[in-house]
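The values are calculated or read from the model by the stated rules, or taken from the named source; none is laboratory data. Keep in mind it's a predicted model, so treat the numbers as computed, not measured. FYI the Cβ positions are ideal-geometry reconstructions off the backbone, even for glycines, and counts take in every protein chain you see.
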Amino acid sequence: MNTLERQRIGNAFNAASGDYDAHADVQARIAQGLAAYLPDTLGSGGADSSGLILDAGCGTGRGFPLLASRYPRAQHLGLDLAPAMAHRALARGLTTAAADIEALPLRDAGVALYWSSLAWQWCDPLAAAREAARVLAPGGRLCVATLGPGTLRELREAFAVLGDEASHVREFPAAAALTAACEAAGLRELRIVPALHHAHAQDLATLLQGVRSIGAHTLGDARRRGLLGRHAWQAVQARYEQHRGNQGLPASYEALFICATR
């Protein structure tokens with residue numbers, strides 16, 4: 001992923017940092033789901049053993065209580081591309097720094113547990129996997145939650161009525177691509193488990209605002225440069241309305257839980 005795109009992503013999450021927790025219900029549920037895949041031990045020790053746990057793409061630090069309660073004697077470090085996010089996590093008691101998980105500022109083989117909840121979808125998966133493998137100690141564990149291609153499928157279908165070539169919804173890698181990236185990085189005992197989550201809103205404008213409020217609206221160079229006209233917007237709304245259920249308009253999030261060993 002090029003430098004400009006990384007900057008766009010970082011800027012989006014900087015802007016979202018203040019309101020992120022208020023809008024990140026699905027993200028919190030996915031982090032809880034990822035916690036079910038945590039190992040009972042760190043390396044050769046027990047749950048109380050020491051070792052470095054890296055929260056790669058730590059956001060506001062909501063994963064820290066999950067990790068600290070499971071491994072109370074471990075060292076905990078959070079890194080995030082957005083400095084404002086890292087600052088929020090620092091306020092939760094997590095030692096943090098602003099850094100790119102595609103280029104970790106850590107020595108080789110120094111991490112006992114690599115945890116990352118909903119950060120890899122903003123990365124080149126091969127770059128993220130190689131860095132994870134580089135910093136993990138032999139026998140170290142990787143627990144990652146990322147988003148799969150079924151994410152925001154309703155929004156993708158709705159914008160398809162426009163028939164243009166612009167990118168309206170970000171594309172996320174499928175499990176096969178993630179498997180290839182992890183295997184190429186040298187990770188082993190790999191498994192990927194899917195899980196589907198939903199957010200809901202009463203109208204499309206509110207749903208889109210919710211996506212923006214968590215910084216998840218960044219697109220690549222194929223993004224639309226101008227605003228939609230009134231008729232185009234009405235067509236998108238009408239198409240999305242076909243998905244309405246008892247809780248309102250749904251937004252699907254396809255979580256992919258990746259577990260592996262170095």
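Here are the numbers for this structure:
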{"item": "Looking only at region 59-108, and only at residues there that are hydrophobic (A, V, I, L, M, F, W, C) and touching a residue at least 40 places away in the same chain (Cβ under 8 Å), the one that is surrounded by the most Cβ atoms within 10 Å (Cβ to Cβ)", "result": "MET85"}
{"item": "Single match in ALA181, ALA195, ALA177 (criterion: within 30 Å of ARG107 (Cβ to Cβ), surrounded by fewer than 17 Cβ atoms within 10 Å (Cβ to Cβ) and under 18 Å from the mean Cα position of the chain (by Cα))", "result": "ALA177"}
{"item": "Tally of residues being more than 17 Å from the chain's Cα centre (by Cα) and farther than 12 Å from LEU54 by Cβ across region 131-152", "result": "3"}
{"item": "Residue match in region 139-158 (condition: more than 30 Å from HIS231 (Cβ to Cβ) and part of a loop (DSSP other than H, G, I, E, B))", "result": "yes"}
{"item": "Residue, modelled with the lowest pLDDT, within region 1-31, restricted to residues that are under 27 Å from ALA109 (Cα atoms) and surrounded by fewer than 19 Cβ atoms within 10 Å (Cβ to Cβ)", "result": "MET1"}
{"item": "Selection within region 77-87 - assigned to a helix (DSSP H, G or I) and within 17 Å of the chain's Cα centre (by Cα)", "result": "PRO83, ALA84, MET85, ALA86"}
